[in-house]
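S.K.: The structure's right below; bear with me while I get my questions together.
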Amino acid sequence: MTQAPNPKPNLANTRLDPDVVEKLGKVFSLMESASDGEALAAVRTLNRVLKANDVDPHVLVARMKNSWVSDEHKAQFTAKVEQARAAGRAEGEREATARLGLRDDFDGDGADASADWRLVARFVGRERHRLPLRNRDDRTSDFIDSMVALAASPHTDLSPARANWLFDLFGKLGGKIT
């Protein structure tokens, strides 16, 4: 029984030895010489380096044309990067929430604010990044920070003007008072 010969590997997709790559890089830089003699010597050196390392010039060209990474690996890498970004965003939100002492009082989908203005202040503080750009000025940011700080104090009440502004921001974030 004869064995089928091993399939010949696709050399265009195999990795070159780092020493060969370094030699080729030096040779390529010599090819830019203004001296015709040096440029010709570089071409001949290129041929010798390729032959000594069993690298076919056509394979070298194929390596330069072909991507080193398959489309499947690129897709897997992209998916992992997106997962890492999502995990990073979630972790950043958790850390910010913990740092500011905020809780998930509202989920943002028609949250009920009738219970306490403190819950509204925490919600607005947590979700301020979703406010329209015209509502992201320093004055509004300072107001939100002060409301979050006041919400931590159990014996504080709001003036009607502050309550109106806070609940206006709450409404812009999609909160509902039922």
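S.K.: Place the peptides 163-175, 18-30 in order of packing, highest mean first, counting for every residue the other Cβ atoms within 10 Å and averaging per peptide.
M.R.: Listed from highest to lowest mean packing, they are 163-175, 18-30.
S.K.: Express in nm, to one decimal, how much length is gained between Asp138 and Ser33 on full extension, taking 0.36 nm for each residue of separation and deducting their alpha carbon distance.
M.R.: Extra length from Asp138 to Ser33 when fully extended: 31.9 nm.
S.K.: Under 5 Å between amide hydrogens, which residues at least 5 positions from Lys176 or on another chain qualify, with H placed 1.01 Å from N in the peptide plane?
M.R.: Correct list: Gly110, Ala111, Ala113.
S.K.: Right, something else. What nm distance separates the two modelled labels at Ser159 and Ala75, each placed 7 Å from Cα along Cα→Cβ?
M.R.: Label-label distance for Ser159 and Ala75, simple model: 6.1 nm.
S.K.: Hey, with R₀ at 45 Å, roughly what FRET efficiency would Asp19 and His129 work out to, going by the Cβ-Cβ distance, to 0.05?
M.R.: Efficiency, from the Cβ-Cβ distance: 0.30.
S.K.: Given Cβ point charges of +1 (Lys, Arg) and -1 (Asp, Glu) and nothing else, what value in debye, to the nearest 20, does the dipole of the stretch 11-65 about its Cα centre take?
M.R.: The dipole magnitude comes to about 160 debye.
S.K.: So, one more: Ratio of Rg to Rh for the stretch 11-65, alpha carbon only, Kirkwood?
M.R.: Dividing the radius of gyration by the Kirkwood radius yields 0.99.
S.K.: ³J(HN,Hα) across the stretch 146-161 via Karplus (A = 6.51, B = -1.76, C = 1.60, θ = phi - 60°), whole Hz, x for Gly/Pro?
M.R.: With the stated coefficients, the stretch 146-161 comes to 5, 5, 5, 5, 5, 5, 6, 8, x, 10, 10, 10, 9, 6, x, 5 Hz.
Taken together, the values in this text are just the output of simple stated rules run on the coordinates, not laboratory data. Every value quoted in this text rests on a predicted model; they were computed, and no experiment measured them. Glycine also receives a Cβ, built like all others from the backbone with ideal geometry; neighbour counts cover every protein chain displayed.
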